[in-house]
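Asker: Would you mind keeping the following structure in view while I ask a few things?
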Amino acid sequence: KSTRTVAPKSTRTVAPKSTRTVARTTTTKYDPEAARPARDISTSATQRFANGSEKCNFFPNGRNNTTPSLIIHIGPRKTGTTSIQNFFTCHEDFLRRHNYYYLGKTNVLDTKKCEHTSKDFVRDVLQMKKEESGADLLYMIEYHLGMGHNVIISDEGIAENKDAFDEWVLKKIDLSIDYNPHIVATYRRYHEWIISWYRFTYGPKWYDKTFRQWNHKAKELTRPPTFKSFLESYQDKSHPIIEEMNLFRNRVGVCTDILNLHHLGEKGDSLTQFLSLLLNNDQSLVSHVTRSIKRANKSRNNAFDIDSERLALMLHDQGKVRDVLLRREVVTMIKMHFAILYGDKEKKGQYAAPLDCLRPQEESDFLTKTELTETGLFRSVGDKFLNWGGRADDLIDGFRSYVRKNSFCDVDLEKMMQHHGKYWEPLLVCLEKGKLLGKQKVIALGRYC
């Protein structure tokens, strides 16, 4: 060790800070309003297309079309939007090979295992209402359109927060850029959409903090209604796609298409149809791509999700559940016991759950609203339906299948506890003691505490 020589610190040369070159110091933050003259918004590109003075061609890669497209996917929610967003987020390289750049919403939990993911440029604009984020998104849109790239933006909140998106993004796009604006919406029949929306609104979600607590100040707001009550509350509301199409009709009216989830054939889901549009309807390429895609929402038995939450709250109100237990733990165990006793609402388990279903007149009114929604939408924007393959009898068959599956039924909790209370005793005893095993131990040991 004594023979080793180390250069003294005084002889080491380090470039002085003044001579160091860092790329970031030479860049300046983009200011969307800098050196930009005031202009009449009525002459913007989106307004020109809305007035019909120019005709748009959706297929950006068409033989005779060199104008880049700004494709805005507005949802609505529960129509396959998550699958679309996850594909765009995780397949950035694939999109770039076909001259597309995705600037829309990313779902972090669904896409965390992807090698390369796109940056989310819209969340802060729509959820946090940050105007500076709108400037960043505007810069990226103008940059890609100026380079001749096609831009895709997807977020269900665009229609819900249209004012912020309009003021900070759409109305400020540089008029000197020639581009083709296009709105894409997804249609799901009313009876399918509303039951999915009900389960999403009141079902268990990992991020719902109030779901984990009993004595929360907003507890009453998270108390789920029965589906029948939920349906009654929507009597005076229209299908969300109608509302969203009306919002954007004056913006890009002639450049609006609807992805139809009910097309009879192999294009019957929103992601496949979206890819068909982007790839000039090249079905061989679309099939090759979609075969390897893992869908966002895995099928699972969610028949008793909300009934389990309703029962947990009822038992807690009756003093049969100790507050020491987390609300999510209680609901999870109740749902497991529902599955043991009753299977699901269609396939019976050991016993048949007492159900409260729609009365014949309520069922008829529900079907009528579904039919009127579809015929009204088709009459107003029928030429905008892509790959339309729906029929009146197809709609009725689909509605009847939901009825046969008891999808529109609620469990009559009071009747269930009155007639089947003894079958719930193994769980109720543990709830009253305030002791529950974890889910895996329950499965392994066959007991709750």
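The values are calculated or read from the model by the stated rules, or taken from the named source; none is laboratory data. Since we're looking at a predicted model, the values are computed, not measured. Cβ atoms come from the backbone with ideal geometry, glycine included; neighbour counts cover every protein chain shown. Note: accessible area is taken over every heavy atom of the protein model, side chains too, but ligands, DNA and RNA are not part of it. Shrake-Rupley method; radii C 1.70, N 1.55, O 1.52, S 1.80 Å.
Asker: Only one of (1) charged (D, E, K, R); (2) modelled with pLDDT of 90 or more; (3) over 27 Å from the mean Cα position of the chain (by Cα); (4) loosely packed, with under 13 Cβ neighbours inside 10 Å is not met by residue 400, so which one is it?
Answerer: Just one mismatch for residue 400, condition (3).
Asker: Open to solvent by 20 Å² or more (accessible area, probe 1.4 Å), assigned to a helix (DSSP H, G or I), among the hydrophobic types (A, V, I, L, M, F, W, C) and modelled with pLDDT under 75: does that describe residue 247?
Answerer: Considered against the rule, which asks whether it is open to solvent by 20 Å² or more (accessible area, probe 1.4 Å), assigned to a helix (DSSP H, G or I), among the hydrophobic types (A, V, I, L, M, F, W, C) and modelled with pLDDT under 75, residue 247 comes out as yes.
Asker: For the stretch 195-204, indicate whether the set of residues that are open to solvent by 50 Å² or more (accessible area, probe 1.4 Å), modelled with pLDDT under 80, over 26 Å from residue 276 (Cβ atoms) and among the hydroxyl-bearing types (Ser, Thr, Tyr) is non-empty.
Answerer: no
Asker: Could I ask something else about it? Given the criteria modelled with pLDDT under 65, in a loop (DSSP other than H, G, I, E, B) and touching a Phe, Trp or Tyr at 6+ places or on another chain (Cβ under 9 Å), does residue 296 qualify?
Answerer: For residue 296, the condition - modelled with pLDDT under 65, in a loop (DSSP other than H, G, I, E, B) and touching a Phe, Trp or Tyr at 6+ places or on another chain (Cβ under 9 Å) - is met.
Asker: Residues that are aliphatic (A, V, I, L, M) and at pLDDT 90 or above: does the stretch 86-95 have at least one?
Answerer: Among the residues of the stretch 86-95, at least one is aliphatic (A, V, I, L, M) and at pLDDT 90 or above, which makes the answer yes.
Asker: Still on this structure: Residues 281, 302: which one is open to solvent by 40 Å² or more (accessible area, probe 1.4 Å), closer than 19 Å to residue 408 by Cβ and at pLDDT below 90?
Answerer: Just one listed residue meets the conditions, 302.
Asker: OK, next. Within the stretch 179-188, can one find any residue that is surrounded by fewer than 22 Cβ atoms within 10 Å (Cβ to Cβ) and either more than 30 Å from residue 369 (Cα to Cα) or under 23 Å from the mean Cα position of the chain (by Cα) (or both)?
Answerer: No, there is no match, as no residue in the stretch 179-188 is surrounded by fewer than 22 Cβ atoms within 10 Å (Cβ to Cβ) and either more than 30 Å from residue 369 (Cα to Cα) or under 23 Å from the mean Cα position of the chain (by Cα) (or both).
Asker: Of (1) of a type outside the set (Asp, Glu); (2) at pLDDT 90 or above; (3) closer than 15 Å to residue 187 by Cβ, residue 367 satisfies all except one. Which?
Answerer: For residue 367, the failing item is (3).
Asker: Could you name every one of the helices (runs of 4 or more DSSP H) located completely within the stretch 75-124 that has at least 1 residues being open to solvent by 30 Å² or more (accessible area, probe 1.4 Å), touching a residue at least 24 places away in the same chain (Cβ under 8 Å) and touching a Ser or Thr at 6+ places or on another chain (Cβ under 6 Å)?
Answerer: 81-90, 92-97
Asker: Going by the conditions given, is residue 167 under 19 Å from residue 244 (Cα atoms), modelled with pLDDT of 80 or more and among the acidic types (Asp, Glu)?
Answerer: yes
Asker: Anything in the stretch 151-196 that is touching a strand residue (DSSP E or B) at 6+ places or on another chain (Cβ under 7 Å) and of a type in the set (A, V, I, L, M)? List them, or say none.
Answerer: 151, 152, 153, 158, 183, 184, 185
Asker: Output the residue which, of all residues in the stretch 393-424 that are free of Cβ contacts under 8 Å to residues at least 12 places away in the same chain and among the small types (Gly, Ala, Ser), is nearest to residue 358 (Cα to Cα).
Answerer: Per the criteria, the residue is 401.
Asker: Tally up the residues in the stretch 305-335 that are in a loop (DSSP other than H, G, I, E, B) and either of a type in the set (Ser, Thr, Tyr) or crowded, with 16+ Cβ neighbours inside 10 Å (or both), please.
Answerer: Result for the stretch 305-335: 3.
Asker: Within the stretch 368-379, take every residue that is surrounded by fewer than 18 Cβ atoms within 10 Å (Cβ to Cβ) and of a type outside the set (Lys, Arg) and give me the one that is farthest from residue 235 (Cα to Cα).
Answerer: 378
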